[in-house]
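A short worksheet on the structure shown next.
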Amino acid sequence: DRAFDIREHSEALSFSRSGVRRDTVRALRRSGAAIEDELDLHGLTVAAAKPLLVAFLNSCARSGCTRVRVIHGKGLRSPGGEGILKRMVAGWLSQREDVLAFCEAPPAQGGAGATLVLLKRR
């Protein structure tokens, strides 16, 4: 397991696979109301969070959801105030072939404490 290095990227968390258009990621960021499902991992350990995330994404694939929100918290109570779970979730998402893109949620949808995910249509 590797964490996503947020410092390598822009300050706001964002990722897209090769071939995914930039406006697709922008549309995802604006689509808060169109989110089809969500998973709340806030407050869990890394060890507890990973199997839940995997099961959630597999369930989304079976049900046909393509826009989901993963709540991981901002990490304000973590040592150094850095979100370990946020980085790990981003790393896990970036390793899955069915994840086309993800980005930090807009403030009304959880901001830095949540990630919006675009999944491949099955």
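The GluC sites (Glu not before Pro) of segment 14-122 that DSSP puts in a loop, and whose beta carbon has at most 14 other beta carbons within 10 Å, are 36, 82, 97. Applying 0.36 nm per residue to the separation of residue 97 and residue 59 and subtracting their alpha-carbon distance, the gain on full extension is 12.2 nm. Residue separation of residue 12 and residue 44 scaled by 0.36 nm, minus their Cα-Cα distance, works out to 9.3 nm of gained length. For the pair residue 24 and residue 36 in one chain, pulling the backbone fully straight at 0.36 nm per residue adds 2.7 nm over the alpha carbon distance.
We did not get these values from a lab; they are worked out from the coordinates using the rules stated. In this text, all values refer to a predicted model and were calculated from it rather than measured experimentally. Reconstructed Cβ throughout: ideal geometry from the backbone, glycine too, with neighbour counts over all protein chains shown.
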